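Single-structure report; data block below.
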Amino acid sequence: MKSVSKFALTLSLLALPLTASHAVAEEKPAKEKKGKGKTEAAPAAPKRNYSKPFIAAYTPVVDLLNKQKNPAGAKAEFPKIVAAIANDDDRYEAGILAINIGAQLKELAFQEQGIDLLLASATTPANIKTEYTFRKGAIAYDGKNFVNAEKLMIEAYNMGHRGNNIEFLISNAQSQQNRDAEAMTWLGKAIDADKAAGKVNKAYFVRAANLASKSKNYAGAANWYKQLLATENNPDYWHDALAFFDRSLTLSPEEELDVMRLMRATNGLRFQQEYAQYLDSLSYIGVRYPAEAVSVLEEGFAKGVISRNNVTFSEKYTEAKARLTEDTATLAGTVAPAKASAKGMLASLTGDSFFSHKKYDTAKELYESALSKGPVLDKDGKDQTERTRFRLAMTKVMLADYAGAKADFAMITGANRKAIAEYWLMYIDQLSAAPAAPAAA
């Protein structure tokens, strides 16, 4: 962060002439007119009207700073300049000198004294006032005076200051005051500023999600990670997005299962409790879908996230493994009766079994058969058509029929499943964008 602006630095490092405004230091060199060999004067800077007492006090002090290289001596004599200030032009120039003395001494407090003089002058150019309003806010921020830092930085922002990560600094100043909702709003501004500049600061999204989570706004936290996922396919982001999303809704076991399946597909399973949650969602400890239960457990064991020495997991594995033998042996014989049944629910449930065995072609046929028979009603008369169509869409994802999957997901209208579908659609987009794997030799 620059301690002073280029304009202010140039203006203050030259001695103040006794007969002319110091602004002549800003005049640009005369330049030659093209093709005529003549010179053309650059536009003159605004004329300053310094008082004579001020000039008399200012000149020896600026000489101490610039000619004698004695900033400490200049600081000691500076009160004489302040006492001689008679108008806004004096005040403006005194402020610039104090800023430069403080910069050479590395004394923020003295720089701040100069900034106050500069900001108090009615003749300070608007762009300089904006810059030093931000600078004063930055000094307050560094000094952990977050109330003043926020006030001054918002003022600078409203005056047009951009850059210096100002939106993030405002957000953090608010967060330090436990005003996290406002802090998230300013993080959103910081993210928008980055987008406009073609950049992505991942830390902003993560921080916004953490602030949302802190206030138990899990849907907000999931949304920040969803936005981050739109910029990068990252298993850690998938985990956090889906974990927060899962906490934001009350899901049925079947809906929960389809969230956990996506977490697994994106390599997002991270913790022991998530493997336990996955198994619970597989309808009662893996009894209904033993093939998927065995596969998930073996995957967790291989990664070292869960242990075979854990009694709960080892018992579930033993039970699912025992069920798998019978399930596999009888699976093929379930297709014809399911397709022949007048009730679509049998075909839908049979499709679930084939899905759990990763036999997606047959699962697709069964789900389509179920949907062709009209509303899919369970034994209690509850409509399971959307559940069946959602599973069909997931099956198409596994078969790389992304257009077909999108069409089916688009037909989902139930609130929970529609929200889950949004994440599956993001997954499809990432799969579609991924480079094709090289052909086997």
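The values are calculated or read from the model by the stated rules, or taken from the named source; none is laboratory data. Note that the structure is a prediction, hence the values are computed from the model and not measured. Virtual Cβ from ideal backbone geometry, glycine too; neighbours counted across all protein chains shown. Each accessible area value is taken on the protein alone, full model and side chains, heavy atoms only, with ligands, DNA and RNA left out. Shrake-Rupley method; radii C 1.70, N 1.55, O 1.52, S 1.80 Å.
For segment 274-412, just say rounded, prolate or oblate: build the C-alpha gyration tensor, square-root its eigenvalues into a ≥ b ≥ c, call rounded for a/c under 1.5, and beyond that prolate if a/b exceeds b/c, oblate if not.
Details: a/c = 2.10, a/b = 1.66, b/c = 1.26.
Prolate, because a/c is 1.5 or more and a/b exceeds b/c.
Tell me, rounded to the nearest percent, the portion of alpha carbon pairs in segment 33-186 spaced more than 26 Å apart. Walk me through the numbers on the way to the answer.
Working: 4788 of 11781 pairs.
Every Cα pair in segment 33-186 considered, those over 26 Å come to 41 percent.
Determine the order of 261, 207 by accessible area, beginning with the largest, at a probe radius of 1.4 Å.
Values: 261 10, 207 70 Å².
Order by accessible area, largest first: 207, 261.
Using the Cα centre of the chain as the reference point, and only Cβ charges (+1 on K/R, -1 on D/E), how large is the resulting charge dipole? Debye, rounded to the nearest 20.
Working: 57 positive and 51 negative charges, 268 e Å.
Its charge dipole is roughly 1280 debye.
Under the classification rounded if a/c is under 1.5, otherwise prolate if a/b is larger than b/c and oblate if not, where does segment 164-267 fall, given a ≥ b ≥ c as square roots of the Cα gyration tensor eigenvalues? Show your work: numbers first, answer last.
Values: a/c = 3.31, a/b = 1.63, b/c = 2.03.
The shape class here is oblate.
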Please turn the phi angles of segment 161-168 into ³J(HN,Hα) values with the Karplus equation 6.51 cos²θ - 1.76 cosθ + 1.60 (θ = phi - 60°), one per residue in order, whole Hz, x for glycine and proline.
-> 6, 10, x, 6, 6, 4, 5, 5
What residues have an amide H closer than 5 Å to that of residue 377, excluding those fewer than 5 places away on the same chain, when H is modeled at 1.01 Å from N in the peptide plane?
-> 344, 345, 384
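Quick check for you: with a 1.4 Å probe and neighbouring chains kept, what is the accessible area per residue of the chain, in Å²? Let's see the in-between values first.
Details: 21680 Å² over 441 residues.
That works out to 49 Å² for each residue.
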Per 20 Å bin, what is the whole-percent P(r) computed from every C-alpha pair distance within the chain?
-> 20, 33, 20, 18, 9, 0
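Per the Cauchy relation, a quarter of the hull surface: what is the mean projected area of the convex hull of the alpha carbons in segment 114-202, in nm²? All intermediate terms of the calculation are to be shown ahead of the outcome.
On the way: hull surface 23.8 nm².
Result: 6.0 nm².
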Roughly speaking, what is the centre-to-centre gap between segment 302-366 and segment 372-441 when only Cα atoms are used, to the nearest Å?
-> 19 Å
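Pull out the extension gain between residue 311 and residue 332, defined as 0.36 nm times the separation in residues minus the alpha carbon to alpha carbon distance; nm, one decimal.
Values: separation 21, 0.36 × 21 = 7.56 nm, distance 3.29 nm.
Extending this stretch completely gives an extra 4.3 nm.
Cα-Cα over 32 Å: which of 52/75; 202/321; 321/379?
Too far apart for the 32 Å limit: 202/321.
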What list of ³J(HN,Hα) values in whole Hz, one per residue of segment 84-89 in order, does the Karplus curve 6.51 cos²θ - 1.76 cosθ + 1.60 (θ = phi - 60°) give from phi, with Gly and Pro shown as x?
-> 8, 4, 10, 7, 5, 5
Going by average Cβ neighbours within 10 Å, how do the peptides 416-425, 329-338, 235-244 rank, with the highest at the top?
-> 235-244, 416-425, 329-338
Between residue 197 and residue 254, how many nm apart are label points set 7 Å from Cα along the C-beta direction?
-> 4.9 nm
In segment 193-267, taking the dipole from +1 charges on Lys and Arg beta carbons and -1 charges on Asp and Glu beta carbons about the Cα centre, the listed residue (266, 210, 234) farthest towards the positive end is 210
If R0 is 41 Å, what FRET efficiency do you get for residue 432 and residue 179 from their C-beta distance, rounded to 0.05?
-> 0.50
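Any idea what the relative contact order of the chain is, in percent, if you count C-alpha pairs under 8 Å spaced at least 6 apart? Mind dumping the intermediate values first?
Details: 563 pairs, mean separation 26.9, N = 441.
Answer for the chain is 6 percent.
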Quote the convex hull volume per residue of segment 149-192, based on C-alpha atoms, as a whole number of Å³.
-> 58 Å³
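If you take the beta carbon distance between residue 67 and residue 126 as r and set R0 to 45 Å, what does 1/(1 + (r/R0)^6) give as a FRET efficiency, to the nearest 0.05? All intermediate terms of the calculation are to be shown ahead of the outcome.
Numbers: r = 32 Å, r/R0 = 0.71.
With R0 = 45 Å, the Cβ-Cβ based efficiency is 0.90.
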Once phi is turned into θ = phi - 60°, what whole-Hz ³J(HN,Hα) does the Karplus curve with 6.51, -1.76 and 1.60 give for every residue of segment 209-220, x standing for Gly and Pro?
-> 5, 5, 5, 5, 5, 4, 9, 6, 8, 5, 5, x
Surface share of carbon and sulfur [accessible, 1.4 angstrom probe, percent] for the chain = 54 percent
How big is the convex hull of the Cα atoms of segment 248-342, per residue, in Å³?
-> 121 Å³
Under 17 Å from the residue 272 label point (7 Å along Cα→beta-carbon), backbone N, segment 285-315 = 297-315
Net dipole in debye of segment 299-429 [+1 Lys, Arg Cβ; -1 Asp, Glu Cβ; about Cα centre; nearest 20] = 60 debye
Mean Cβ count within 10 Å, highest first, over the residues of peptides 88-101, 308-321 | 88-101, 308-321
Lys/Arg Cβ at +1, Asp/Glu Cβ at -1, dipole of segment 284-352 taken about the Cα centre: which of 301, 331, 311 is farthest positive-ward?
-> 331
Round to a whole angstrom and tell me the spacing of the C-alpha centers of segment 180-207 and segment 60-78.
-> 44 Å
